[in-house]
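Engineer: Encoded as structure tokens, here's the structure I'll be asking about.
The values are calculated or read from the model by the stated rules, or taken from the named source; none is laboratory data. Not measured: the values here are computed from a predicted model. Every residue, glycine among them, receives a Cβ derived from its backbone with ideal geometry; neighbour counts consider all protein chains shown. In case anyone asks, the SASA skips ligands and DNA or RNA and just uses the protein heavy atoms, side chains included. Shrake-Rupley method; radii C 1.70, N 1.55, O 1.52, S 1.80 Å.
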Amino acid sequence: MAHRTDSARGLCAHRGGILHFRSDPGPHDDPGSFEFLEDGLLVTADGQVASIGPARELLSALPSDARLVEHGDSILMPGFVDTHIHYPQTDIIGMGSAPLLDWLENYTYPAEREFSDPTHARAVAEFFLDELLRNGTTTALVFASVHPASVEAFFQAAAARRLRMAAGKVLMDRNCPENLRDTPEAGERDSRELLEAWHGRGRLLYAITPRFAPTSSEAQLASVGRLARDFPDALIQTHVAENLDEVAWVKRLFPRARSYLDVYDGYGLVRERAIYAHCIHLDPNDRARMAQSGASAAFCPASNLRLGSGLFDITAADAAGLRFAVATDVAAGSSFSMLQTLSDAYKVAQLSHQHLSPLRAFYLATLAGARALGIDNCIGRFAVGMEADFIVLDLRATALIARLTARARTLSEKLMVLISLGDDRTVSRTYILGREARAAAMMRSGSAARS
Ligand SMILES: [Zn+2]
């Protein structure tokens with residue numbers, strides 16, 4: 001009887017290496033911060049984690065009709081969480097090389113204009129989500145465009161894939177092209193309608209999304225503050241202190257604010273579940289204020305290197321207790337791959353004479369993101385009852401990776417190989433609520449199947 005019940009629940013056991021985090025390993029790889037099972041078993045049922053532990057202990061208790069999937073020496077870990085990405089910029093990856101403000105004008109805005117067409121928005125949302133899944137990203141905090149239909153299209157595509165995703169309509173009412181402008185009133189009304197329709201619907205979350213301070217009037221920022229107050233459990237996402245010209249521009253636009261971050265703080269936007277992309281040119285007061293408020297930084301190394309914006313200061317963030325997670329920032333970042341983005345994060349740390357260990361890098365790509373979004377009780381680690389979104393990283397994805405992981409003596413060395421050489425090929429499978437998502441996604445995106 002017990003067996004039949006388990007079978008009906010779709011009990012499935014995944015055997016392989018298993019790595020997940022309980023807390024931030026910090027600069028010194030705190031040994032209590034993670035669990036690594038060299039020969040582990042992750043059992044899922046009803047889309048959730050049913051149990052996790054050493055294979056030798058759990059296999060004997062497994063009902064005979066449970067499905068067993070052998071992953072060999074691959075490493076299973078929670079799906080990646082990308083805390084900052086723009087889906088309407090999918091088609092401008094790699095275009096242009098200008099600094100931030102010129103890049104917005106010449107590439108971003110023209111691309112986002114196309115999202116007034118819901119058919120276009122739908123097609124790009126489908127492609128974007130499949131690309132995320134191919135790269136092992138199971139949750140992301142996503143900018144749509146200024147058009148409410150772009151958010152609808154995104155959420156519909158995410159719901160069809162049963163994904164835990166967060167997104168919001170961009171708010172901008174000045175200093176941008178006329179045909180991408182909303183008004184404080186229309187932006188607030190549209191955001192409210194989208195919040196009521198989508199926030200907490202299934203696995204979806206809404207993020208209140210002012211693009212950045214320069215493109216919102218004081219009246220619009222006040223409306224954003226009202227939304228944040230009326231929907232305290234919604235997310236907030238925006239950009240701060242990315243580029244020095246941008247910081248100087250904000251100073252001219254908001255002369256009374258103590259700093260760029262202080263502009264947002266003045267409207268009640270610095271709080272838990274608020275995620276600020278970049279946070280490069282902050283001062284100690286800003287970092288302390290973010291840490292104290294529970295707001296998080298999205299560290300976007302690929303984007304910061306590509307646009308020449310500057311280097312995120314990991315040591316200063318740690319000293320202040322400022323929480324941060326890693327993000328791709330497509331399309332200023334030119335890869336959907338969190339593995340490639342971790343490689344850039346490592347190099348940013350090196351350029352600053354700082355250190356990012358491979359263990360901590362994987363924490364920043366998984367549990368740190370779930371924490372920033374306030375959903376670490378649902379995703380980002382493995383525990384009984386958590387949602388079973390996970391990925392399989394193939395230690396033999398390429399001939400070179402196979403050579404190097406075979407020579408690696410420790411878990412950290414293996415992880416360093418994956419960071420240095422990994423990309424979408426390294427993610428052999430992606431599971432959403434216990435079901436494999438890869439096959440359909442790969443077919444839709446036209447890639448060759450891998451065994
Ligand atoms: Zn961005």
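Engineer: Is it the case that region 62-71 has a residue that's more than 22 Å from residue 170 (Cα to Cα), at pLDDT 95 or above, open to solvent by less than 70 Å² (accessible area, probe 1.4 Å) and touching a strand residue (DSSP E or B) at 6+ places or on another chain (Cβ under 9 Å)?
Structural biologist: Yes; the residues of region 62-71 include at least one that is more than 22 Å from residue 170 (Cα to Cα), at pLDDT 95 or above, open to solvent by less than 70 Å² (accessible area, probe 1.4 Å) and touching a strand residue (DSSP E or B) at 6+ places or on another chain (Cβ under 9 Å).
Engineer: Take the conditions closer than 21 Å to residue 164 by Cα, away from the ligand (no atom under 16 Å from the Cβ), hydrophobic (A, V, I, L, M, F, W, C) and touching a residue at least 24 places away in the same chain (Cβ under 8 Å) and apply them to residue 365. Does it pass?
Structural biologist: yes
Engineer: Here's a follow-up. Cβ-Cβ below 7 Å, separation at least six or inter-chain, first residue in region 229-249 and more than 16 Å from residue 283 (Cβ to Cβ) and away from the ligand (no atom under 11 Å from the Cβ), second open to solvent by 20 Å² or more (accessible area, probe 1.4 Å) and in a helix (DSSP H, G or I): which pairs?
Structural biologist: From region 229-249, the pairs are 245/101.
Engineer: Moving to a separate point now. How many residues does region 214-241 contain that are buried (at least 23 other Cβ atoms within 10 Å of the Cβ), closer than 21 Å to residue 102 by Cα and touching a helix residue (DSSP H, G or I) at 6+ places or on another chain (Cβ under 6 Å)?
Structural biologist: Going through region 214-241 one residue at a time, the tally reaches 2.
Engineer: Can you tell which of 108, 90 is assigned to a helix (DSSP H, G or I), touching an Asp or Glu at 6+ places or on another chain (Cβ under 9 Å) and not small (Gly, Ala, Ser)?
Structural biologist: After ruling out the rest, the residue left standing is 90.
Engineer: Something else about it: Can you tell me which condition residue 130 does not meet? The list is (1) among the acidic types (Asp, Glu); (2) open to solvent by 20 Å² or more (accessible area, probe 1.4 Å); (3) in contact (Cβ under 8 Å) with a residue 40 or more places away in the chain, and all the others hold.
Structural biologist: (2)
Engineer: A follow-up question, please. Test of understanding: among 201, 162, 211, which residue is among the basic types (Lys, Arg), open to solvent by less than 20 Å² (accessible area, probe 1.4 Å) and modelled with pLDDT of 95 or more?
Structural biologist: Among 201, 162, 211, only 211 is among the basic types (Lys, Arg), open to solvent by less than 20 Å² (accessible area, probe 1.4 Å) and modelled with pLDDT of 95 or more.
One line per residue, one yes/no per condition, for (1) open to solvent by 10 Å² or more (accessible area, probe 1.4 Å); (2) in contact with a strand residue (DSSP E or B) (Cβ under 8 Å, 6 or more places away or on another chain); (3) within 16 Å of the ligand (Cβ to nearest atom); (4) acidic (Asp, Glu):
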| site | (1), (2), (3), (4) |
| --- | --- |
| 274 | no, yes, yes, no |
| 291 | yes, yes, no, no |
| 298 | no, yes, yes, no |
| 301 | no, yes, yes, no |
| 304 | no, yes, yes, no |
| 311 | yes, no, no, no |
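Engineer: Might you check whether a residue that is in a strand (DSSP E or B), open to solvent by less than 70 Å² (accessible area, probe 1.4 Å), under 21 Å from residue 159 (Cα atoms) and of a type outside the set (D, E, K, R) occurs anywhere in region 27-35? Can you show your working first?
Structural biologist: Our first condition is that a residue be in a strand (DSSP E or B); within region 27-35, this holds for 34-35.
Then keep just the ones that are open to solvent by less than 70 Å² (accessible area, probe 1.4 Å); that gives 34-35.
Checking which are under 21 Å from residue 159 (Cα atoms) leaves us with none.
No, the conditions are met nowhere in region 27-35.
Engineer: Can you tell me which condition residue 76 does not meet? The list is (1) farther than 28 Å from residue 372 by Cα; (2) open to solvent by less than 10 Å² (accessible area, probe 1.4 Å), and all the others hold.
Structural biologist: Only one criterion in (1) farther than 28 Å from residue 372 by Cα; (2) open to solvent by less than 10 Å² (accessible area, probe 1.4 Å) is unmet by residue 76, namely (1).
Engineer: Another question about this same structure. Just give me the residues in region 123-150 being more than 16 Å from the ligand (Cβ to nearest atom) and among the aliphatic types (A, V, I, L, M), in sequence order.
Structural biologist: Passing the criteria: 123, 124, 125, 129, 133, 149.
Engineer: Let me ask another. Just for region 316-339: of the residues that are in contact (Cβ under 8 Å) with a residue 40 or more places away in the chain and open to solvent by 30 Å² or more (accessible area, probe 1.4 Å), which one is nearest to the ligand (Cβ to nearest atom)?
Structural biologist: 334
Engineer: Test each condition in (1) open to solvent by less than 50 Å² (accessible area, probe 1.4 Å); (2) away from the ligand (no atom under 16 Å from the Cβ); (3) touching a residue at least 24 places away in the same chain (Cβ under 8 Å) for residue 347 and report the one that comes out false.
Structural biologist: (1)
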